[in-house]
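Report on one structure; see the data block that follows.
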Amino acid sequence: MMRRYDFLKAIAGDARNGLVVAAGGAAREWQALKAGDGCFRPRTLGLASSIALGISIGLPRRKVLVIDGDGAFLMNLCGLPTIAWHSAGNLIHLLFDNECYEASGGTETATSSVADAVALAKGAGYKNACWVKNPREFREEFRKAWRRNELSLIAAKVKPGQPKVPPIRYDELENKYRFIRHIEKTEKKSILGSADHAAGKYGK
């Protein structure tokens, strides 16, 4: 069994200008593979997939990837039917299942025993959801999902642990603004507007 980083490394070159939503170690690993401001890092466990849905709806012509873990996935089961209901064709849901809450001490999750994440996604309405066994299969399914333009979930069992990658040198608040400015620049649209514009609109 391989680690999440091995799978992410297999697709980093195929992700092009896709926007990414990932938290914790996944965000650090992605930043090491694909440096830039196109990755948003939420702090709340479980909300990455719902945030990614919102971005994919707001930017329907832009690919959006969410990098999820089994703990976060299980925390937001109620979000899966909503994601499937909207069925954003530009959203690719990547799930790495290490069968534990690694960041908080390694307590086992339900996927270590009775729960099947892909079956849960299919039950919620995901038409395209599958398990892969290795980075080669992962990349093949990712490329299919990219071309398919339909909501897709690709899941892999991985072993716990993270590689030695550089830390991200700025906090989540700064990340939010850098991410928004990145979208503004690449999409050529205003989201926050300028500081001068905001001052004129909301104050003297």
Subset of the stretch 32-65 that is among the polar types (S, T, N, Q) and surrounded by 22 or more Cβ atoms within 10 Å (Cβ to Cβ) - its residue that is nearest to residue 94 (Cα to Cα): 49
Six or more apart or on different chains, Cβ under 7 Å: which pairs go from a residue in the stretch 170-188 that's without any contact (Cβ under 8 Å) to a residue 40 or more places away in the chain and more than 15 Å from residue 42 (Cβ to Cβ) to one that's of a type in the set (S, T, N, Q) and not in a helix (DSSP H, G or I)? Could you list them? 184/190
Conditions (1) open to solvent by 80 Å² or more (accessible area, probe 1.4 Å); (2) in a helix (DSSP H, G or I); number of the one not met by residue 71: (1)
Somewhere in the stretch 118-139, is a residue open to solvent by 40 Å² or more (accessible area, probe 1.4 Å), within 27 Å of residue 37 (Cβ to Cβ) and either in a strand (DSSP E or B) or at pLDDT 95 or above (or both)? yes
Within the stretch 140-159, how many residues turn out to be open to solvent by 60 Å² or more (accessible area, probe 1.4 Å) and of a type outside the set (Asp, Glu)? 7
Among the candidates 84, 26, residue that is in a helix (DSSP H, G or I), out of contact with any strand residue (DSSP E or B) (no Cβ under 9 Å at 6 or more places or on another chain) and crowded, with 19+ Cβ neighbours inside 10 Å: 84
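The values are calculated or read from the model by the stated rules, or taken from the named source; none is laboratory data. Because the structure is predicted, anything quoted here is derived from the model rather than measured. Here the Cβ is made from the backbone with ideal geometry for all residues, glycine too, and neighbour counts use every protein chain on show. The area values use the complete protein model at the heavy-atom level, side chains included, leaving out ligands, DNA and RNA. Shrake-Rupley method; radii C 1.70, N 1.55, O 1.52, S 1.80 Å.
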